[in-house]
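K.L.:
Here it is: the structure, laid out below.
The values are calculated or read from the model by the stated rules, or taken from the named source; none is laboratory data. What you are looking at is a predicted structure, and each value in this text was computed from that prediction instead of being measured. Heads up, the Cβs are rebuilt from the backbone with ideal geometry, glycines too, and the neighbour counts pull from every protein chain shown. What goes into the accessible areas is simple: the full protein's heavy atoms, side chains included, and nothing from ligands, DNA or RNA. Shrake-Rupley method; radii C 1.70, N 1.55, O 1.52, S 1.80 Å.
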Amino acid sequence: MEEKDKLKQQEHYDNKKIRLTITGLNVKPLEATCSQIINSAKDHEFKVKGPVRIPTKTLRVTTRKSPCGEGTNTWDRFEMRIHKRVIDLFCPSELVKEVTSFKLEPGVDVNVNVSNL
């Protein structure tokens, strides 16, 4: 019994909180990436929290249509939406590579932050 308790305590101390921040312009590849990360983490029996959906940032640019500045005042409005998800993993930092070892879809960025519990 004591050996099992020591192993559990050692596992607890070895575990780190790993925050994966996933950003992208399109929702479908973003959600696919999140589900791949969560499925692989659950296969390795790690504790997972998320994905937490962060509010969408909308970047807007308004420009004049006329290049010379004469004529009627007509405007073009362009916008780009940035979607973000946050996933927290609780596992040893050496095993993060195993969880995130898959091919990312184009247009999806993953940032990894590691912190102690």
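K.L.:
From the list 47, 97, 84, pick out the single residue that is under 29 Å from residue 15 (Cβ atoms), free of Cβ contacts under 8 Å to residues at least 40 places away in the same chain and under 19 Å from the mean Cα position of the chain (by Cα). Walk me through it before giving the result.
P.N.:
Details: 47 fails: free of Cβ contacts under 8 Å to residues at least 40 places away in the same chain; 84 fails: free of Cβ contacts under 8 Å to residues at least 40 places away in the same chain.
Only one candidate qualifies: 97.
K.L.:
For the range 66-91: of the residues being touching a strand residue (DSSP E or B) at 6+ places or on another chain (Cβ under 6 Å), open to solvent by less than 70 Å² (accessible area, probe 1.4 Å) and not hydrophobic (A, V, I, L, M, F, W, C), which is farthest from residue 55 (Cα to Cα)?
P.N.:
It comes out as 76.
K.L.:
If you take the residues of the range 92-102 that are among the polar types (S, T, N, Q) and surrounded by 13 or more Cβ atoms within 10 Å (Cβ to Cβ), which of them is farthest from residue 115 (Cα to Cα)? Walk me through how you get there before you give the answer.
P.N.:
As a first pass, look at the range 92-102 and keep what is among the polar types (S, T, N, Q): 93, 100-101.
Add one more test, that the residue is surrounded by 13 or more Cβ atoms within 10 Å (Cβ to Cβ), and what stays is 93, 100.
Working: 93: 9, 100: 17 Å.
My answer is 100.
K.L.:
When residues of the range 46-76 are filtered for being in a strand (DSSP E or B) and closer than 23 Å to residue 23 by Cβ, how many remain? Walk me through it before giving the result.
P.N.:
Of the range 46-76, the ones in a strand (DSSP E or B) are 47-64, 75-76.
Checking the rest, the ones that are also closer than 23 Å to residue 23 by Cβ come to 48-61.
Number satisfying all stated conditions: 14.
K.L.:
Further question on the same structure: Do we find that residue 103 is at pLDDT 90 or above, under 30 Å from residue 14 (Cβ atoms) and out of contact with any helix residue (DSSP H, G or I) (no Cβ under 8 Å at 6 or more places or on another chain) in this structure? Quick ask: steps written out before the conclusion?
P.N.:
Values: at pLDDT 90 or above: no; under 30 Å from residue 14 (Cβ atoms): yes; out of contact with any helix residue (DSSP H, G or I) (no Cβ under 8 Å at 6 or more places or on another chain): yes.
No; evaluated as a whole, the condition is false for this residue.
K.L.:
Could you list all residues from the range 30-49 that are at positive phi and open to solvent by less than 40 Å² (accessible area, probe 1.4 Å)?
P.N.:
Here is the first cut: in the range 30-49, the ones at positive phi are 45.
Within the range 30-49, no residue meets the criteria.
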